[in-house]
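Report on the structure given below.
Bear in mind that the values in this text are calculations on the coordinates, not laboratory data. Only a predicted model underlies this, so the values are computations on that prediction, with no experimental measurement involved. Methodologically, a virtual Cβ is constructed for each residue, glycine included, from the backbone with ideal geometry; neighbour enumeration extends over all protein chains shown.
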Amino acid sequence: MKLAILSGKGGTGKTFVAVNLAAVADKAVYIDCDVEEPNGRLFLKPTDTKETVVTTLIPQFDGTKCTACRKCVDFCRFNALVLVKDKPMVFTEICHSCGGCPLVCPEGAITEIEKPVGVVETGQSANVHVVTGCMNLGEASGIPVINAALSQDLKDSELTVIDCPPGTACSAMESADYADYCVIVVEPTAFGLHNFKMVYELVTVLNKPCGVIINKADGEYHEVEKFCDEHNIPILCRIPYSSKLASLGAGAQVASLYDEKTAKLFHDLLTDIKKEVHS
Amino acid sequence: MRKLLILSGKGGTGKTTVAAAFIDFLSVGAFADCDVDAPNLHIVTEFTDKPEQKDYYGSQKAQINQEKCVGCGICEDACRFNAIKLINGKAQVDEYACEGCSVCQFVCPHDSVMMVDDVAGKQILYRDERVFSTAKLKMGRGNSGKLVTEVKNTLFKSSDAEFAILDGSPGIGCPVIASVTGVDLVLIVAEPSVSGMHDMERILKTADILGVKTAVCVNKYDVSPQTTEKINQYCLDNNIPFVGKVPYDIQASKAINAGHSLASVDCPAREALKTICTNTLKLMEEKQS
């Protein structure tokens, strides 16, 4: 079973839910796809970690062959190439590694070389195999690192929990598309509702079954429940705001390991999700 | 026009709450929401008139002429984004995976690929005596940095106000990089948690790489006064102005749910935000002179 933990809005508790679900399972793989700001490993504190560098391909120009014909510059849809004093140059952060420029170059002056864009770290934390994608600072796209992280899922994994990036753009979609069930963590505020609607649209397009967790529920704002009701979305559980959970979270502690009530909540949640997935 | 951008690294630390309060404190005439894949500022800015809207075109997408396609699979092999698959002997493009590079069009021996315009979102412009530029990216679309640049340019073209506030997006990637270009100061709203501090360090280092000045404030500081102190110390050590801290205040989410900023609510968080606002402005004036 592969679960994507999504939210739309940032800071609603994706990582909190993801690490606790993984921690209460007999055995699990946790994959952090929020590669711009990966935080799950701060909670799970994996040991025996190994790092693999993630690279993408960028063009390299052979000055002795290049005739400055501009064909590569004109072909590049991402404006990643320029001619400076009749020499082609690449803006590596903008390059999408499409492989077009070496194809169009009539002189065979372009080859591709690998450029590091991030790392994937793997390690173990009790029963959880922890995979973390971490994008290098200054890079624009996390997609190559997300794919590299997802490729580290264990073949025989019974439960894989994917901690997705916030928002509803390509990186959230790429992460969620790998899963067979989406868990949307919603904060019951006007901001939370608005972004929840956007992420629900994303899940619908991906054609994935989904359920909702209302986090930091204080019982005052009911618009999220109303929306779930209208769209027939199961509410998997409500987690009330508590200063104890907030303080454990602030200290990067996996709450289930310190608090029996929370452990039970996530145990039950996991059982319910399994039922939903198999129904 | 002087420009203040609000960022955070980690999501949900209170960027929009801070931005909305500053906009009302200072009666700011020009502002924008650069968080195009989860925009929220429009919920609390109280415009009565309907906004102007226009389609945003991102990168073009490949389209296969099904009559011309012979199903040779050359495009499928050449596509680096796994966006093309042969289905019933004809090439099919996955619009979400296609990045519009046009390599398929180049390699197709039968001239069956066309590159067509794609609506990747919507740009929205509100006006009264103020101007507010925002947008909504179509879900699953890439290239959000380009839309952020459009949102900013639209604001700058539509307003001659002296001061602008830009509400940013979480993370450190493409939309954040696009939002940072050309601003005078980035105010980071940090959260006093291990994650919040870790993410704050990543956004501060990214801002440094991009060569923009930063300042830091802490939201919900009473969740962990110890971590707040660590953040303060980090700022001192790295010569980054620490402009203040805001207590957790239930009034904040109440105000947001009612559709307005904290500026009109008499509460401790508002007073703390006022101090931060004054300190931030002072910093921008110093930077200018």
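Tell me the net charge near B:Ser159. Cut-off is 13 Å between Cβ atoms, B:Ser159 excluded, with +1 for each Lys or Arg and -1 for each Asp or Glu.
Numbers: positive: B:Arg2, B:Lys3, B:Arg127, B:Arg130, B:Lys152, B:Lys157; negative: B:Asp128, B:Glu129, B:Asp160, B:Glu162.
Value of the local net charge: +2.
I'd like the FRET efficiency for A:Arg70 and A:Ile113, computed as 1/(1 + (r/R0)^6) with the beta carbon distance as r and R0 of 25 Å, rounded to 0.05.
Working: r = 22 Å, r/R0 = 0.87.
E between A:Arg70 and A:Ile113, to the nearest 0.05, is 0.70.
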Next item on the list: Using only atoms on other chains, find how many Cβ atoms lie within 10 Å of each Cβ of peptide A:261-274 and report the average.
Entry: 0
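Subtracting the Cα-Cα distance from 0.36 nm times the residue separation, let me have the gained length for A:Thr271 to A:Val53 in nm, one decimal.
Working: separation 218, 0.36 × 218 = 78.48 nm, distance 3.63 nm.
Taking 0.36 nm per residue and subtracting the Cα distance, the gain is 74.9 nm.
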Checklist line | Cut-off 20 Å (backbone N to label point 7 Å along Cα→Cβ of B:Glu52), residues of the range B:96-135 | finding: B:120-135
Next item on the list: Rounded to whole Hz and in sequence order, give me ³J(HN,Hα) for the range B:253-263 from the Karplus expression 6.51 cos²θ - 1.76 cosθ + 1.60, θ = phi - 60°, writing x for Gly and Pro.
Entry: 6, 4, 4, 4, 5, 8, x, 9, 7, 6, 4
Note to self: Compute a Gaussian network model of chain A, connecting alpha carbons closer than 10 Å, and tell me which residue from A:Ala252, A:Ala179, A:Ala109 fluctuates the most.
What the structure shows: A:Ala109
Next item on the list: Calculate the dipole size of the range B:174-237 relative to its Cα centre from +1 charges on Lys and Arg beta carbons and -1 charges on Asp and Glu beta carbons; express the result in debye to the nearest 20.
Entry: 100 debye
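Which value at 222 nm does chain B reach when only helices count, each DSSP H run of 4 or more adding -39,500 (n - 2.57), with the total divided by all residues and rounded to the nearest 500 deg cm²/dmol?
Working: 9 runs with 101 residues, N = 289.
When only DSSP H runs of four or more count, the value is -10500 deg cm²/dmol.
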Next item on the list: Would you please state the base-10 log of I(q)/I(0) at q = 0.07, 0.08 1/Å for chain A, with intensities from the Debye formula using one equal scatterer on every alpha carbon?
Entry: -0.32, -0.40
Check: Among B:Val176, B:Val189, B:Val223, which one moves the most in a GNM of chain B with springs linking Cα atoms closer than 10 Å?
Finding: B:Val223
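R0 = 30 Å: FRET efficiency of B:Gln226 with A:Asp180, Cβ-based, nearest 0.05? Walk me through the numbers before you get to the answer.
Details: r = 41 Å, r/R0 = 1.37.
So the FRET efficiency works out to roughly 0.15.
Averaged over every viewing direction, what's the projected area of the C-alpha convex hull for chain B? Give it in nm², one decimal, please.
Working: hull surface 70.6 nm².
If you wrap the Cα atoms of chain B in a convex hull and average its projections, you get 17.7 nm².
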Check: In whole Hz, what ³J(HN,Hα) sequence does the range B:63-71 give by Karplus (6.51, -1.76, 1.60; θ = phi - 60°), x for Gly and Pro?
Finding: 9, 9, 6, 5, 6, 7, 5, 9, x
Checklist line | Within the range B:41-64: backbone nitrogen closer than 18 Å to the B:Ala258 label point (7 Å, Cα to C-beta) | finding: B:43-47
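Pop the C-beta distance of B:Ile250 and B:Glu285 into the FRET formula with R0 = 30 Å and round what comes out to the nearest 0.05.
That gives a FRET efficiency of 0.35.
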Checklist line | Cross-link partners of A:Lys261 among lysines (Cα-Cα below 16 Å; sequence separation of 8 or more within a chain) | finding: A:Lys216, A:Lys244
Item checked: Alpha-carbon Rg with Dmax, taken over the range B:61-117, Å -> 9.6, 26
Next item on the list: For chain B, set up a Gaussian network in which alpha carbons nearer than 10 Å are linked by springs, and say which option among B:Val186, B:Val113, B:Val28 fluctuates the most.
Entry: B:Val113
Checklist line | When the convex hull of its Cα atoms is projected in every direction, mean area for the range A:71-153 (nm²) | finding: 6.6 nm²
Check: Could you list log10 I(q)/I(0) for the protein assembly as shown at q = 0.07, 0.10, 0.12, 0.13 Å⁻¹, which the Debye formula gives when each Cα is one point scatterer?
Finding: -0.41, -0.85, -1.22, -1.41
Next item on the list: With a point put 7 Å past each Cα toward its Cβ, work out how far B:Asp128 is from B:Leu210 in nm, to one decimal.
Entry: 3.1 nm
Checklist line | Computed over the range A:63-108, Cα set: Rg, Dmax in Å | finding: 9.9, 25
Notebook entry, point to check: What is the spin-label model distance, in nm, from B:Lys90 to B:Asp111 if the labels are put 7 Å beyond Cα along the C-beta direction?
Noted result: 2.0 nm
Next item on the list: Within the range B:1-33, which residues have the backbone N less than 17 Å from the label spot 7 Å out from B:Cys267 along Cα→beta-carbon, could you tell me?
Entry: B:13-25
Note to self: Counting only helical runs of four or more DSSP H residues, what would the 222 nm mean residue ellipticity of chain A come to if each run contributes -39,500 (n - 2.57) and the total is spread over all its residues?
What the structure shows: -9500 deg cm²/dmol
Check: What does the charge dipole of the protein assembly as shown about its Cα centre add up to, to the nearest 20 debye, if the Cβ of each Lys and Arg holds +1 and the Cβ of each Asp and Glu holds -1?
Finding: 460 debye
